[in-house]
Amino acid sequence: MYADLHIHSTASDGIHAPDKIVDFALKKGLSVISLTDHDSTDGIDQAVEAARGTHLEVIPGIEINSDWEETEVHILGYYLDYNLRSFQDTLDEIRQTREERAKKMVDKLADIGVVLTYEQVKRIAGEATICRPHIAQAMIEGGYVSSIKDAFDRYLSRGKPGYVPRTKLDPFSAIAIIERAEGIPVLAHPGLSKRDDLIPALVKKGLLGIEVYYPFHTTDMVDNYRWFCQKYGLVMTGGTDYHGPGTEYPHLGEVGVEKKSVDNLKLMRSFLD
Ligand code: AMP
Ligand code: MN
Ligand code: MN
Ligand code: MN
């Protein structure tokens, strides 16, 4: 594989630090990776530094989770001008709402006898964007669940007793946030969201790509999203959504895209300048 364009690090809910991911990517023979942490670009500098002097390109990326009606719609952003102050201010605000949400989840869990403290969750997350897997980790430490998956299945998935929704952000706003940093907005894993009806409106608002290649996309889904890309002139991207060992698809670099897609992303970015 040439490029894996969907990877999480310890800047959000990934298990490995950015420099470790760079080591793995080099061992796997990848040429390009993108760190796409949830609501954070804080891992990028370390990854870029670790890749310096090697052939590996690190594309500055992000994944912004948004909601539309009852469905989560995630937007990836690539080639971000991530040091832009107004962009970082917006990410800070989003992460702040996640802290409030985590506190509410801790309270909700306490009501049903799963006693954690917010400080414990915060210690596990460290500097990272607080995500549900950090709460799951605290539940493992407390002996309430046997694994992250167990925590989601019994408590943390939507509809389960510990679940609190994130502050609503719609996908059009997520696109606008990425555009603010001159990034390329891409619809993440559309086969999971199953909201193809939104694609035309998202394209009108500036969507420039679709994550066609994804571990849980069937061949029919891949064909369908290739068709959307051709119809609307969108770039096809792909990646593993790697979060580390023991997570849903722990195979860095096994799904992704060839050089042509990365070249197309670069070309699109050059049009924005
Ligand atoms: P959050 O952004 O705080 O809502 O947390 C969502 C994150 O939890 C996702 O990005 C996944 O990494 C992880 N996740 C979601 N569902 C599951 C699941 N069923 N099992 C394990 N991890 C999950
Ligand atoms: Mn995640
Ligand atoms: Mn996602
Ligand atoms: Mn992801």
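Odds and ends about this structure:
- Once segment 1-34 is narrowed to residues that are among the aliphatic types (A, V, I, L, M) and farther than 15 Å from Val255 by Cα, the residue that is farthest from the chain's Cα centre (by Cα) is Leu26.
- Evaluation of Asp196 against the conditions (1) more than 16 Å from ligand 2 (Cβ to nearest atom); (2) open to solvent by 10 Å² or more (accessible area, probe 1.4 Å); (3) under 30 Å from Gln46 (Cα atoms); (4) not hydroxyl-bearing (Ser, Thr, Tyr) shows that the sole unmet condition is (3).
- In segment 186-207, the residues that are farther than 16 Å from Gly238 by Cα form Cβ pairs under 7 Å with partners that are open to solvent by 40 Å² or more (accessible area, probe 1.4 Å) and assigned to a strand (DSSP E or B), at six or more places apart or across chains, as follows: Arg195/Trp68; Leu198/Trp68.
- Residues being farther than 27 Å from Val22 by Cβ and basic (Lys, Arg) are entirely absent from segment 90-100.
- When the residues of segment 151-168 are filtered to those that are open to solvent by less than 40 Å² (accessible area, probe 1.4 Å) and part of a loop (DSSP other than H, G, I, E, B), the one that is nearest to Val186 (Cα to Cα) is Arg166.
- Count of segment 68-88 residues which are outside any loop (DSSP other than H, G, I, E, B), of a type in the set (A, V, I, L, M, F, W, C) and within 16 Å of ligand 4 (Cβ to nearest atom): 3
- Residues being in contact with a helix residue (DSSP H, G or I) (Cβ under 8 Å, 6 or more places away or on another chain) and in a loop (DSSP other than H, G, I, E, B) - total across segment 39-54: 5
- Segment 1-10: number of residues that are touching a residue at least 60 places away in the same chain (Cβ under 8 Å) and open to solvent by less than 10 Å² (accessible area, probe 1.4 Å): 6
- When residues of segment 132-150 are limited to those that are assigned to a loop (DSSP other than H, G, I, E, B) and either under 27 Å from Glu63 (Cα atoms) or without any contact (Cβ under 8 Å) to a residue 12 or more places away in the chain (or both), the one nearest to ligand 3 (Cβ to nearest atom): Ser147
- Qualifying position, being of a type in the set (Gly, Ala, Ser) and more than 27 Å from Arg195 (Cα to Cα), among Gly77, Gly29, Gly61: Gly29
- Residue list for segment 16-48, filter: under 15 Å from Tyr242 (Cα atoms), in contact with a Phe, Trp or Tyr (Cβ under 9 Å, 6 or more places away or on another chain) and open to solvent by 10 Å² or more (accessible area, probe 1.4 Å): His16, Phe24
- Matching residues in segment 223-273 - criterion: being open to solvent by less than 60 Å² (accessible area, probe 1.4 Å) and among the basic types (Lys, Arg): Arg269
- Of the criteria (1) within 16 Å of ligand 3 (Cβ to nearest atom); (2) at pLDDT 95 or above; (3) closer than 19 Å to Pro133 by Cβ; (4) touching a helix residue (DSSP H, G or I) at 6+ places or on another chain (Cβ under 8 Å), which one Ala17 fails: (1)
- So Ala50, is it in contact with an Asp or Glu (Cβ under 8 Å, 6 or more places away or on another chain), away from ligand 3 (no atom under 16 Å from the Cβ), over 21 Å from Ala181 (Cα atoms) and touching a residue at least 12 places away in the same chain (Cβ under 8 Å): yes
- Residue in segment 109-131 that is more than 15 Å from ligand 3 (Cβ to nearest atom), of a type in the set (Ser, Thr, Tyr), in a loop (DSSP other than H, G, I, E, B) and in contact with a strand residue (DSSP E or B) (Cβ under 7 Å, 6 or more places away or on another chain) present: no
The values are calculated or read from the model by the stated rules, or taken from the named source; none is laboratory data. These numbers were taken from a predicted model, which means no experiment stands behind them. With ideal geometry, Cβ positions are generated from the backbone for all residues, glycine too; neighbour counts draw on all protein chains shown. We work out accessible area using only protein heavy atoms, side chains counted, and drop any ligands, DNA or RNA first. Shrake-Rupley method; radii C 1.70, N 1.55, O 1.52, S 1.80 Å.
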